[in-house]
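Student: Dropping a structure here in structure tokens format, bear with me for questions.
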Amino acid sequence: MSGAPNIAAPGAGIGRRGRLWVRAALLPVLTVVAALLLLWYAGAVWMNAQWTRDQAARAGTEVTLPLLLQDTLSQERPLLPAPHQVAAELYDTVIAKAVTSKRSLVYHAWITLSATLLGFAIGTALGILLAVGIVHNRAMDMSVLPWAIASQTIPILALAPMIIVVMNSVGVQGLLPKAVISAYLSFFPVVVGMVSGLRAPDAMQMDLLKTYGASRSQVFWRLRLPSSLPYLFASLKVGIAAALVGAIVGELPTGAVRGLGARLLSGSYYGQTVQIWAALLMAAVCAAVLVGVVGLLQKVVLGRMGFGR
Amino acid sequence: MSSVVSAKNLNLTFDTGDGQVQALSCVTLDVARGEFVSFIGPSGCGKTTFLRCVAALETPTSGTLSVNGMSADEARRARAYGYVFQAAGLYPWRTIGRNVSLPLEIMGYPREEQRRRVKDVLQLVDLAAFEGKYPWQLSGGMQQRASIARALAFDADLLLMDEPFGALDEIVRDHLNEQLLSLWARTEKTCLFVTHSIPEAVYLSTKIVVMSPRPGRITDIIDSPLPRERPLDIRDTAEFIEIAHRVREGLRAGHSHD
């Protein structure tokens, strides 16, 4: 090879494009983050000021501006904790604690995630099965979707305790009841998406297979299922976020001691707002990672299948 | 000569939102083995509907229709015909080779046989080098050729084509017409071909069926005196122009009714 760079080589030019991308995308993102942080700090000072003033009045001292700033951003139980307090709590519970510790947020996040993933798997399987039934059976077509829609109008907060109690009474505890609540929330987008997806092939595609004398199962495996995948992935993104919400909600009414929901609950019992915010941020990170993983899978699978070219 | 398609007094009425539409009215037609028959006429004249009846994708309201001596639906189940639609309709997730083998898989041909037939038939439409490529890597004309290969892959000796080149530009179309003729000469299939284009119909056919709408009916059947061997410049001969003229007259006569 000569010393000149081979511009046709795979990966050539990515470096420059990468830098351009950084300049084009990173700056606006950082600007927005900085603005949000500033707003957050201002909000913390404003919301926590009353407590500082009350304390000062009780002690008979004067509140100066530097004192106000210092105190509002370092209270132990602030109405709104400052970003650095949440960051410190996150550092303490994520990095400083061993992941096996009951005080580690990673440990709690994993408890919630395992219920989320199990629930998501159950919900997805159920959603796909229902969609296949709806598309192939006229009676199911007429009857299932209204019930599925009705199921989503019931507030999950009202339903979750009942599911936990009923399953507990038949001796099922722990992961499964939470996973059921997760599945309850995540099956719905999958049903709706898959019904559209399985019906995506147009009349011409269906006619073509009819001219071959294809059976229903041949039509399903060779045409309907592959055609439905773009719809399925779009639904899975919604479904996995819903599954996480379901798992957290499933931890709330049970007085659970483990999981992100339990952290939220105990935080609110004891006024540990910093702990609540840390758990919320952790849940947000989990959701982002889950949706991101599904998105990546979507890109790879659909790309390989030649969709969207 | 035996009759491949035989229609007698075929009628088909569609029920639409605002009343009944007579898509086919008293259509009587015989197609002999090895013929190339074009159906030409304005939209709504029933040419596509007739083709779909032959394919048993529509059911006539009355009249008799036999395909290979059977009812149309029996012929469909006996896989008597290959159907080429206006759009290629290739599966984006399959390579060209696997798209062509789709009907073979469905009909349960053995693996080895599938592979052999795909090779042969891709050779026939000049796409042998593209077996491993995906549809998006091919031009529109090549995709349509692949869809013709797909219709030829199994042993149907009847080829039904519904404006297969309608969405392609003139130059590609001329080229494909030439290829289609040589394909027809080599495979000795019977072809039913729906088109909007007068030159295309005259160039390809041994028989031209002129149709007109409201109700959809046949107004003229022209047996072409052109030889089977047809270079593209046959379109400049007096004979060709005369037939084209007769087709145009037939189309105009159909229109004067409304």
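Student: Report, to the nearest 10°, how far helix B:140-152 tilts away from the longest principal axis of the Cα atoms in chain B, using its own Cα long axis and a range of 0 to 90°.
Tutor: Relative to chain B, helix B:140-152 is tipped by roughly 90 degrees.
Student: Right, here's the next one. Relative contact order for the range B:90-155: what is it in percent, counting Cα pairs under 8 Å that are at least 6 residues apart?
Tutor: 50
Student: Right, something else. Hey, got the dipole for chain B? About the Cα centre, +1 on K and R Cβ, -1 on D and E Cβ, debye to the nearest 20? Numbers along the way, then the final one.
Tutor: Working: 29 positive and 32 negative charges, 139 e Å.
With Lys and Arg at +1 and Asp and Glu at -1, about 660 debye.
Student: Could I ask something else about it? What residue among A:Leu30, A:Leu38, A:Leu159 has the largest mean-square fluctuation in a Gaussian network model of chain A, using Cα springs under 10 Å?
Tutor: A:Leu30
Student: Neighbouring Cβ atoms within 10 Å as the yardstick, rank B:Thr206, A:Thr124, A:Thr153, B:Thr195 fewest first.
Tutor: On the way: B:Thr206 19, A:Thr124 22, A:Thr153 6, B:Thr195 25.
The fewest-first ordering by Cβ neighbours comes to A:Thr153, B:Thr206, A:Thr124, B:Thr195.
Student: Further, regarding this structure: What is the distance in Å between the Cα centres of the range A:71-136 and the range A:249-294?
Tutor: The range A:71-136 and the range A:249-294 have Cα centres separated by 5 Å.
Student: Just going by the charge dipole of the range A:105-304, with Lys and Arg at +1 and Asp and Glu at -1 on Cβ, which of A:Gly239, A:Gly174, A:Leu229 is farthest out on the positive end?
Tutor: Farthest towards the positive pole: A:Leu229.
Student: Using a ≥ b ≥ c from the Cα gyration tensor of the range A:200-309 (square roots of the eigenvalues), is it rounded, prolate or oblate, where a/c under 1.5 gives rounded and otherwise the larger of a/b and b/c decides, a/b for prolate?
Tutor: Working: a/c = 5.59, a/b = 2.98, b/c = 1.88.
Prolate, because a/c is 1.5 or more and a/b exceeds b/c.
Student: For chain A, what is the relative contact order in percent, using Cα pairs closer than 8 Å and at least 6 residues apart in sequence? Could you put the intermediate results ahead of the total?
Tutor: Numbers: 347 pairs, mean separation 61.9, N = 309.
Relative CO of chain A lands at 20 percent.
Student: Sticking with this structure for a sec: Might you report the magnitude of the Cβ-based charge dipole of the range A:105-304 about its Cα centre, with Lys and Arg at +1 and Asp and Glu at -1, to the nearest 20 debye?
Tutor: On the way: 12 positive and 4 negative charges, 76 e Å.
Dipole about the Cα centre, nearest 20: 360 debye.
Student: Once you have the Cα-Cα distance between A:Asp141 and A:Arg53, take 0.36 nm times their residue separation minus that, and quote the gain in nm to one decimal. It would help to have the intermediate numbers written out before the result.
Tutor: Numbers: separation 88, 0.36 × 88 = 31.68 nm, distance 6.35 nm.
Separation in residues times 0.36 nm, less the Cα-Cα distance, equals 25.3 nm.
Student: Need the list of lysines near A:Lys102 for cross-linking: C-alpha distance under 27 angstrom, and skip anything on the same chain fewer than eight residues off.
Tutor: A:Lys178
Student: So, in nm, how far is label A:Thr64 from label B:Leu232 when the simple model puts each one 7 Å beyond its Cα toward the Cβ?
Tutor: Distance between the two pseudo-spin positions: 9.3 nm.
Student: Mean residue ellipticity at 222 nm from the helices of chain B, using -39,500 (n - 2.57) per DSSP H segment of n ≥ 4 over the full residue count, to the nearest 500 deg cm²/dmol? Could you put the intermediate results ahead of the total?
Tutor: Numbers: 9 runs with 94 residues, N = 258.
Only helices count here, giving -11000 deg cm²/dmol.
Student: Continuing with the same structure: Pairs of Cα atoms under 8 Å, at least six residues apart: use those to get the relative contact order of chain B, whole percent. Provide the component values of the computation, followed by the final result.
Tutor: Numbers: 498 pairs, mean separation 65.9, N = 258.
The normalised contact order for chain B reaches 26 percent.
Read-outs: derived from the displayed coordinates by stated rules, not from any lab. Just so you know, these numbers come straight off a predicted model, no measurement behind them. Positions of Cβ are backbone-derived with ideal geometry, glycine not excepted, and every protein chain shown enters the neighbour counts.
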